[in-house]
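Input: a single structure, listed below in structure tokens.
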Amino acid sequence: MTEQSPMTAIEVSPEMISLVGEGPLPSFDSPPASVAFVMTFGSVGIPATLRYLAAPDRTSLDEVLGAERQERVILLVSAEACGRILGDAPLPGDGAVHHLPTALRTIALAIRDCDLPEMARVPYRLAKSIELLCEILRAQGQGDLVPVGQDRVPSSTDTRRLLAARRIIDERWSEKLTLDMIARAAGLNRAKLTRGFRELFDCSVADAIAEQRLREAGQMLLSTDLPVSSIGYRCGYLNNASFTRAFARKFGQAPTHYRAHYRTGRLAA
């Protein structure tokens, strides 16, 4: 049996390395405090995937590659660099696997299949690796990545619509949102919307709305001098008592104590 050549390592920058190919891992030095995005290209009946690893090492990468080798593109990037691109948006959960969107697959294939002469191939793959990382993080930040293995969700199309419904809540939380309005805007019926939220997000639509409004309330308490009652009203609570109860359940303390605690901590720092 012929031994496979190791994957090709592309040193993009001190904060990023790309690995390309189907062989074993090559020798390389990972960027400090790196994360990994592992892409497979799929085949008939097998989806192309994007897997995220929060703390990759050679052992965890070897486990992902498995005994049956297949062509992959792996981006190893410092978490700090990802944070600069993502801003406040979170990275995926460790081990999360998503469908690899066509646009991202096209860029990854361009890296894999580049047949330019060596002097041109290296900078081409380097530039494409940066483009691929930026597009992955853009898709993650906008909630466009669709999880693999959501067997109870009827289709990837419905999953995308549920993600769109969640974005409506995240962006339009201050409006008077109703099930019918969210379902209509996302292209779902009420049953698929309510069932899908339970299955995909493990919460009800009402829970998601309340969660977002309380999160925004917490930000306003720290970034403005508005009275607590005004913040509660802006976040959909008709009286201060109901706002205080809901806020205390989420954050473990009343809004006034929350504001005083964190502002005092910032001043002390």
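The values are calculated or read from the model by the stated rules, or taken from the named source; none is laboratory data. What you see is a predicted model; the values in this text were computed from it and never measured. Backbone-built Cβ (ideal geometry, glycine too); neighbour counts: all protein chains shown.
For the range 84-125, the set of residues classified as surrounded by 15 or more Cβ atoms within 10 Å (Cβ to Cβ), under 12 Å from the mean Cα position of the chain (by Cα) and in a loop (DSSP other than H, G, I, E, B) consists of Leu91, Pro92, Ala96, listed by residue number. Of all residues in the range 245-257, those that are modelled with pLDDT of 90 or more and either touching a strand residue (DSSP E or B) at 6+ places or on another chain (Cβ under 6 Å) or under 18 Å from Gln212 (Cβ atoms) (or both) total 5.
Every test in (1) in contact with a Gly (Cβ under 7 Å, 6 or more places away or on another chain); (2) among the charged types (D, E, K, R); (3) at pLDDT below 90 is passed by Arg190 save one, and that test is (1).
Within the bounds of the range 229-244, is there any residue that is in the same structural domain as Lys176 (by TED's automatic domain parsing), part of a helix (DSSP H, G or I) and of a type in the set (Lys, Arg)? I'd like the intermediate steps shown before the answer.
Within the range 229-244, the subset in the same structural domain as Lys176 (by TED's automatic domain parsing) is none.
Taking every residue of the range 229-244 in turn, none turns out to be in the same structural domain as Lys176 (by TED's automatic domain parsing), part of a helix (DSSP H, G or I) and of a type in the set (Lys, Arg).
Among the residues of the range 109-129, those identified as among the aliphatic types (A, V, I, L, M) and out of contact with any helix residue (DSSP H, G or I) (no Cβ under 6 Å at 6 or more places or on another chain) are Leu109, Met119, Ala120, Val122, Leu126, Ala127. Here's a check for you: in the range 61-73, which residue that is surrounded by fewer than 19 Cβ atoms within 10 Å (Cβ to Cβ), in contact (Cβ under 8 Å) with a residue 12 or more places away in the chain and not hydrophobic (A, V, I, L, M, F, W, C) is nearest to Ser27 (Cα to Cα)? Among those residues, the one meeting the criterion is Asp62.
Does the range 28-36 contain at least one residue that is over 22 Å from the mean Cα position of the chain (by Cα), loosely packed, with under 13 Cβ neighbours inside 10 Å, assigned by TED's automatic domain parsing to the domain that holds Asp94 and on the phi > 0 side of the Ramachandran plot? No, because not a single residue in the range 28-36 is over 22 Å from the mean Cα position of the chain (by Cα), loosely packed, with under 13 Cβ neighbours inside 10 Å, assigned by TED's automatic domain parsing to the domain that holds Asp94 and on the phi > 0 side of the Ramachandran plot.
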